[in-house]
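Worksheet: one structure, shown below.
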Amino acid sequence: MFDMITRVELLDILRNGENSTVEFKRDVIENHVLAKELVAFSNFEGGMVLLGVEDDGNVSGVTRDDVLEEWVMNACRDKIRPAIIPNYSVIRDVELDKDIAIVSVPRGGSVHSLWYNNRNTYFIRVGTQSREPTPEELGRLFQQRGMFRAELRPVAGSSLADLDRRRLKNYFVHIRQQDIPADNDEEEWQRLLFNTEIVGEDGVTLAGLLLFGRNPNRFLGQAGIDSAAYPSANKDYAARERSQLRGPIAPLLNEDGELVEAGLVEQALDFVRRNTGVQAVLEDGARRAEMPMYPPEVIREAVVNSVCHWDYMLVNTDIELSVYTDHIDIISLGRLPNGITPEHMRTGCRASRNQLIKDVMRDYGYLEHSGMGVPRKIIRGMNEHNGTDPELVENEERFIVRLHAN
């Protein structure tokens, strides 16, 4: 993307000035200064440093052309973790006897840091500045690069006492059909939960707390569904009902698989059921029957997808469930993971931001093993129910599943 710049293209870049992918520097800067800019570009979408250019775009020219390339490569090897191999080129006589060296890097497959003063420091590119990311930004960066699973992050201050032991027993014994430790054998419970990633070395993992926590919202402000039912086709302060759905995602079932205590998914289904009503239809051309406005299996699939793909690095932001007179919106914050698009989802492309949550929900039977829930359950379900086509919309940091009543 940034290599093979022609002289004409370079002149345009100089005229336009610095931006989120272009930085101007003299070639007499210290090596860690160059490394910082390349780290920020690599952690963003890639970019280039033009050596021999003043901040205002005036060309001063490189002063050590004979050793400059080696100096650049050494900086990228010695000052960047993991090391970067940049593209390097020189354009001669941009102005009379003044050359410019172009050092460019693509978007990194790893998260890079600057090694300086015996410490690693991360940088990201924001506009024309290279700055340190916030903890949330850094966590999401690792997540985007596939190096960090936010759902496995230990939740500070949490312990086994914050997990609902009833739900854990139900899950392991009746869902997974495996033996469990005795109630008083905390060491074996710790080992079991650690091996299944429900607990980490420093506390309960985020996924463990969301799935089986006694009170997830004690630690996580974003662990719920903000629900509202409106009397029209638009948002209105005078909602018919508003409810903050709270509690663990996993339900509590008895030995026969019957619901004892609802999880978040069942709470969402109940909210939709009591705020949408039924429609009268004729069966076999004569017998009158009642049909729900939305198929429960479609609502279930949409809600389950939202909790599996939710970006839990976005703090204090619930899933949003909005019921209108003519449609339902189920909104989760965070871009779709791993380059997935709404069109990919329509064809059954498999991707999950929160693999452990997805695996547990599949164990409970909420999800298909084939990963075809969106085309088979949501799209086909609405097509067969009322002939409508669900909308799948990615809008900046929000993903929306929109179901139409008719």
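The values are calculated or read from the model by the stated rules, or taken from the named source; none is laboratory data. Being a predicted model, the structure only gives us computed values, none of them experimental. Don't worry about glycine lacking a Cβ; one is built from the backbone with ideal geometry, like all the others, and counts go over all protein chains shown. When the accessible area is computed, the model is the full protein with side chains, heavy atoms only, and any ligands, DNA or RNA have been set aside. Shrake-Rupley method; radii C 1.70, N 1.55, O 1.52, S 1.80 Å.
Structural remarks
- Restricting Leu50, Leu34 to those that are touching a strand residue (DSSP E or B) at 6+ places or on another chain (Cβ under 7 Å), among the aliphatic types (A, V, I, L, M) and either open to solvent by 50 Å² or more (accessible area, probe 1.4 Å) or assigned to a helix (DSSP H, G or I) (or both) reduces the list to Leu34.
- Among (1) within 24 Å of Tyr116 (Cα to Cα); (2) free of Cβ contacts under 8 Å to residues at least 24 places away in the same chain, the one test that Glu69 misses: (2)
- Count of residues meeting criterion [buried (at least 17 other Cβ atoms within 10 Å of the Cβ) and either acidic (Asp, Glu) or within 18 Å of Val360 (Cα to Cα) (or both)] in region 198-219: 14
- Looking across region 381-406, the residues that are among the charged types (D, E, K, R), out of contact with any helix residue (DSSP H, G or I) (no Cβ under 9 Å at 6 or more places or on another chain) and exposed (fewer than 14 other Cβ atoms within 10 Å of the Cβ) come down to Glu384, Glu396, Glu397.
- Of all the criteria given as (1) part of a helix (DSSP H, G or I); (2) of a type outside the set (A, V, I, L, M, F, W, C); (3) open to solvent by 50 Å² or more (accessible area, probe 1.4 Å), the one not satisfied by Glu151 is (3).
- The lone exception for Gln222 - which of (1) free of Cβ contacts under 8 Å to residues at least 60 places away in the same chain; (2) assigned to a loop (DSSP other than H, G, I, E, B); (3) open to solvent by less than 50 Å² (accessible area, probe 1.4 Å) it fails: (1)
- Residue list for region 171-189, filter: open to solvent by less than 70 Å² (accessible area, probe 1.4 Å) and either in a loop (DSSP other than H, G, I, E, B) or within 25 Å of Val155 (Cα to Cα) (or both): Tyr171, Phe172, Gln178, Ile180, Pro181, Ala182, Asp185, Trp189
- Taken over region 61-112, the criterion of being open to solvent by less than 20 Å² (accessible area, probe 1.4 Å) and either among the basic types (Lys, Arg) or assigned to a helix (DSSP H, G or I) (or both) is satisfied by Leu68, Val72, Ala75, Cys76.
- Evaluation of Leu211 against (1) at pLDDT below 95; (2) in contact with a Leu (Cβ under 9 Å, 6 or more places away or on another chain); (3) not in a loop (DSSP other than H, G, I, E, B) (one fails), failing number: (1)
- Arg125 part of a strand (DSSP E or B), in contact (Cβ under 8 Å) with a residue 12 or more places away in the chain, surrounded by 12 or more Cβ atoms within 10 Å (Cβ to Cβ) and not polar (S, T, N, Q): yes
- Arg167 meets the conditions (1) of a type in the set (D, E, K, R); (2) open to solvent by 20 Å² or more (accessible area, probe 1.4 Å); (3) over 27 Å from Pro86 (Cα atoms) in every case but one. The failed one is (2).
- Inspection of region 293-307 identifies no residue that is at pLDDT below 90, in a loop (DSSP other than H, G, I, E, B) and not hydrophobic (A, V, I, L, M, F, W, C).
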